[in-house]
Amino acid sequence: MSILIDQNSRIIVQGAAGVEGQFHLAKMIEYGSKVVAGVDPAFKTDRVGGIPAYPTVKQAVENHQADTSIIFVPAPFAYDAVLEALEHGLSLIVIITEGVPVNDMIKIKQLTKFSSTTIIGPNCPGLISPGKAKLGIMPGHIHLPGSTGVISRSGTLTYEVVQSLTKANLGQSTCVGIGGDPIPGSTFIDILKHFNEDPQTEQVVLIGEIGGSEEEKAASYIQQEFTKPVVSFIAGKTAPPEKTMGHAGAIVSGGKGTAQGKIQALINAGIKVASIPDEIVNLIKNK
Amino acid sequence: MKIYEYQAKNLFSQHEIPVPLGKTIDNPQQLDSIFSEFNSPGIVLKAQVYTGGRGKAGGVKLTDDLDQAKILAREILDMNIKGLPVKTVLVEQQIDIKSEFYLSFIQDRDNSCFKLIFSPQGGMDIEELARVNPDKIWMKAIKYFPGLQSYQIREILTQLPEISLSAKKSLYTAINKLYNLFIATESSLVEINPLVITGEDKCLACDAKVVIDDNALFRHPQLASLRIPEHEDPFEREAKEKKLNYVKLDGNVGCMVNGAGLAMTTMDVIKHYQGQPANFLDIGGGAKSQQVYDALSIIVKDPAVKVIFINIFGGIVRCDQVAEGIIQAKNKLNINHPMVIRLIGTNDQLAYKLLKNENLQVFTEMSEAAKQAVKYLEESPK
């Protein structure tokens, strides 16, 4: 097992003809993901990276029985792309695009509240079930199949942690980057629920950062319902208040969303928190 | 994007939210004409800055004397509030205040909706009020579809038995209009504190705060044009123009990192080993040699920087391109600061070769590199 994606996921790439879309479409195929079609809303091409491309998701789904989408279209068109994927019944939609307006995400969250579709992102690296499928922009080679689930709001920081896990021979079941925006499609808790049900996942690394209160909510969920050990790291202990730290969602505002507050909440819930990323491996091994 | 109070009040006027009569000045002499124009003695002078807490910092003054107003205006224009120089003063008519309220709309990230926040105790800092008197903060969740409803406003206003019907009506209108502005500008926050009822039962927005969602600016060119680059921190401004994420901090280790989470972590790791980061700088997930060059050129302009710490995890980013950018910057910009480079990932061996040829030392572990940066700091001349 693994969560959300595996070797059987039938993937379409929305925005496949753009620079980013083309590059990562090729990388995903190279990793072994079953990418079945591209969508090029600009009508420029009918083939991309050796696979068929269509101007609409409708055609891609009808012709290739796709169930999963990854979106690379520019921010002004991301809302349309998500709605298109929702309309055609895809069960997992990953938005890689950075710069999606917050109001567009508020609308998407309201529209999908009672839907069974999972949305990951925006402004995220995507997800990977090592050895099975990669649905994202992370470097595939640093991953190793195994039993550690990883959830993070960040990209390169996650690669950093994954690499150290792999070096210590701690393979990963699935690594999910939920993204750095204030309103993500899926929260920590949404992903933790999947890990809770997944027999392959034996423990979870949760990488949070300043801003919002998703880490605090996750801490209380873990304490009450999660059955597996969790190790955490929170970035941004030295971040000044009222400044956006790169990620639109990484801001300490009105004294809320501090790293210290999140670390305390996690510790209070009995979760081990690494003070620097180097400590994560040891905390897992000494569980 | 933050805008000034006077810019926010212009938006208010466009959306028919009443504001006091006001004019901006950047020179005390401009007060002469304002005094004759206002035709009433009492004025308020308000420092325009992109931060809260200006009242406590002495950035708001009242007077009814022209000569004293000029002296006070000079004082305000010479002020620095939380490190930000005051370049503009908003001069407004004093208002006959009967009662003060707090009103705001926010994008509520915890519940993925909007929130209306109202308090009968206006004029106070809302975070302070939340601590001392949370019962006096009233909130309504608003869904994007269908938006703010009439009953939600009425439920708020019925909790105010002591004010007159005409005052209630003008509050009702102000709440509605502010919501329209909030939606039309796609703001993350619009706030009026205080929202005043005057002696004549009129509603007036005595202060105005608007924070616009940067990501939505592409739909609002007229709002994007409210940005005044000359009033921003020069380093942050240059970084923005070069599409880098930069935040100035108080320390002396200049940082360059790819990715926001890793950039924050790098600062934390430096601090963990007793160093102080001079900045947050994220060159982005897909950076090439030009971004590296641009980033280093900003870092070395900061006189506080004693040591440069580069931390790159090459996933999509190619380490050899990063190395090229570093070498170019070092030679063209004559960088003499000690440099600690931590670089791993795609094409790292190629990068190590390039850097070794330039006698630059490379680390593969972030903690080892951070320790070395702090060591250089201790050795550097004070």
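The values are calculated or read from the model by the stated rules, or taken from the named source; none is laboratory data. All values derive from a computational prediction rather than experimental measurement. Ideal geometry is used to build each Cβ from the backbone, glycine not excepted, and the neighbour counts take in all protein chains shown. We work out accessible area using only protein heavy atoms, side chains counted, and drop any ligands, DNA or RNA first. Shrake-Rupley method; radii C 1.70, N 1.55, O 1.52, S 1.80 Å.
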Of the numbered conditions (1) assigned to a helix (DSSP H, G or I); (2) within 18 Å of the chain's Cα centre (by Cα); (3) farther than 30 Å from B:LEU217 by Cα, B:LYS9 fails exactly one; give the number of that condition.
(3)
Which of the residues belonging to the range B:88-104 are part of a strand (DSSP E or B), over 21 Å from the mean Cα position of the chain (by Cα) and not aromatic (Phe, Trp, Tyr)?
B:VAL91, B:GLU92, B:GLN93, B:ILE97, B:LYS98, B:SER99, B:GLU100
Near pairs, Cβ below 9 angstrom, 6+ apart or cross-chain, from the range A:231-248 (at the interface with chain B (Cβ under 7 Å from one of its Cβ atoms)) to any residue that is among the hydroxyl-bearing types (Ser, Thr, Tyr) and open to solvent by 10 Å² or more (accessible area, probe 1.4 Å)
A:GLY236/A:THR258; A:LYS237/A:THR258; A:LYS237/A:SER275; A:ALA239/A:THR258
Residue hits (the range A:162-187; open to solvent by 30 Å² or more (accessible area, probe 1.4 Å) and either β-branched (Val, Ile, Thr) or outside the structural domain of A:VAL281 (by TED's automatic domain parsing) (or both)) are A:THR166
Of the residues B:LYS61, B:LYS56, which is among the charged types (D, E, K, R) and in contact (Cβ under 8 Å) with a residue 12 or more places away in the chain?
B:LYS61
Output yes when any residue across the range A:188-196 is within 30 Å of A:LEU111 (Cα to Cα), open to solvent by 10 Å² or more (accessible area, probe 1.4 Å) and within 13 Å of chain B (Cβ to nearest Cβ), and no when none is.
yes
Can you say whether A:VAL82 is under 25 Å from A:THR174 (Cβ atoms) and either open to solvent by 40 Å² or more (accessible area, probe 1.4 Å) or assigned to a helix (DSSP H, G or I) (or both), as far as the supplied structure shows?
yes
In the range A:128-140, which residues are in contact with a helix residue (DSSP H, G or I) (Cβ under 9 Å, 6 or more places away or on another chain) and either more than 8 Å from chain B (Cβ to nearest Cβ) or farther than 18 Å from B:GLY314 by Cα (or both)?
A:ILE128, A:PRO130, A:ALA133, A:LYS134, A:LEU135, A:GLY136, A:GLY140
Which of the numbered conditions does A:ILE108 fail, given that it passes all the others? Conditions: (1) within 14 Å of chain B (Cβ to nearest Cβ); (2) aliphatic (A, V, I, L, M); (3) free of Cβ contacts under 8 Å to residues at least 40 places away in the same chain.
(3)
Please give the number of the condition B:ASN180 fails out of (1) open to solvent by 30 Å² or more (accessible area, probe 1.4 Å); (2) under 25 Å from the mean Cα position of the chain (by Cα); (3) without any contact (Cβ under 8 Å) to a residue 40 or more places away in the chain.
(3)
Which of the residues belonging to the range A:226-257 are under 28 Å from A:THR201 (Cα atoms) and either of a type in the set (Lys, Arg) or not in a loop (DSSP other than H, G, I, E, B) (or both)?
A:LYS228, A:VAL230, A:VAL231, A:SER232, A:PHE233, A:ILE234, A:ALA235
Among (1) open to solvent by 10 Å² or more (accessible area, probe 1.4 Å); (2) more than 13 Å from chain A (Cβ to nearest Cβ); (3) of a type outside the set (Val, Ile, Thr); (4) in a strand (DSSP E or B), there is one condition B:TYR246 misses while meeting the rest; what is its number?
(2)
Does the range B:159-176 contain any residue that is within 30 Å of A:ILE108 (Cα to Cα), in contact (Cβ under 8 Å) with a residue 40 or more places away in the chain and either touching a Phe, Trp or Tyr at 6+ places or on another chain (Cβ under 6 Å) or more than 14 Å from chain A (Cβ to nearest Cβ) (or both)?
yes
Inside the range A:85-105, can you point out the residues that are assigned to a loop (DSSP other than H, G, I, E, B), away from chain B (no Cβ under 14 Å) and over 16 Å from the mean Cα position of the chain (by Cα)?
A:HIS88, A:GLY89, A:LEU90
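Quick grid of which residues meet (1) surrounded by fewer than 17 Cβ atoms within 10 Å (Cβ to Cβ); (2) at pLDDT below 95; (3) within 20 Å of the chain's Cα centre (by Cα); (4) aromatic (Phe, Trp, Tyr):
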site	(1), (2), (3), (4)
A:LEU4	no, no, yes, no
A:ILE11	no, no, yes, no
A:ALA26	yes, no, yes, no
A:ILE29	no, no, yes, no
A:LYS44	yes, yes, no, no
A:GLY50	yes, no, no, no
A:HIS64	no, no, no, no
A:SER69	no, no, yes, no
A:ALA75	no, no, yes, no
